[in-house]
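Beneath this line is the structure, given in C-alpha cells, with notes to follow.
The values are calculated or read from the model by the stated rules, or taken from the named source; none is laboratory data. What you see is a predicted model, and the numbers here were worked out from it, not measured in a lab. For the accessible areas, the whole protein counts, side chains as well, though only heavy atoms, and no ligand, DNA or RNA atoms are used. Shrake-Rupley method; radii C 1.70, N 1.55, O 1.52, S 1.80 Å.
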Amino acid sequence: MYLFGVVIADNLLQLTPILGLIVIGLLRYVIILIKIFVFHFISLFLMPLMFVQQNLEAFFKFTMKIFITMVEIPIFVLSVWLALSANSLLHTIGDIFGKKMIIFMLENNNNLTKNDLYDFGALKIYLFDGFLEIIIAVFSTVIIYKIIISLHETVSDILEVQGTNRFDSAIESMKSDATGWGQKI
C-alpha cells in the first residue's frame, strides 16, 4: 500500500505542471477568444460613431487595441512554448541538483545497515527528497502561470505605448501638413 501511495504521489507531482499548463492555457485561450468577439461586436457600433464625430485619436487607439488583440494568439502560442521550455529546464536543473544532494547525503550516511532501514536519518533524507520534488513542481507551476498570464500583457503594453506614440506623431504630422497646405492656398 505504501509503494502504491508513493507511485501515485510521484505521478501527481510530475503531472502537476503539465495539468497547470493545460488549465491555465485553456483559460487564457478562452479569454483571448472572448476579447476577439467583443472587439468585433463593439466595432460594429463604435466605428460609425468615431467617423461621425471625426475623432481620429479614438479611431487610432481603437485600431491599436484591435491590432494588439490580433497579436495575442501568436503571443499565446509563444508563451505556451516558453512555459513548456521553462518547465523542462526547471525540472532538469532541479532533478540534477536535488538528486546529487540526496546521493551526497546518503553517501555521508553510509553507516546504515539493513536493520537500520527505519532510521530517522534516512527518513529525513527521503523526506527532504520528497520536499524538493514538491517545491520543483510548485515552482514550475508558478512559472508556467506567470509566463502565460504576463507575457501578453508585457508585449501589449510595449505595442500600445509604441503604437500610440507613433499614431500621435503621425496625427501631429498630418495636422501640421494640413495647416501648411491651407496657408499655401
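Per-structure values
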item: Surface accessible to a 1.4 Å probe, per residue, for the residues of the stretch 46-109, Å²; result: 65
item: With every protein chain in place, the stretch 6-97: carbon and sulfur % of accessible area (1.4 Å); result: 82
item: Estimated vicinal HN-Hα couplings, Hz - the stretch 138-146 in sequence order (Karplus 6.51, -1.76, 1.60; Gly, Pro = x); result: 5, 5, 5, 5, 5, 5, 4, 4, 4
item: Cα-based Rg and Dmax for the stretch 11-68, where Dmax is the largest Cα-Cα distance (Å); result: 18.4, 61
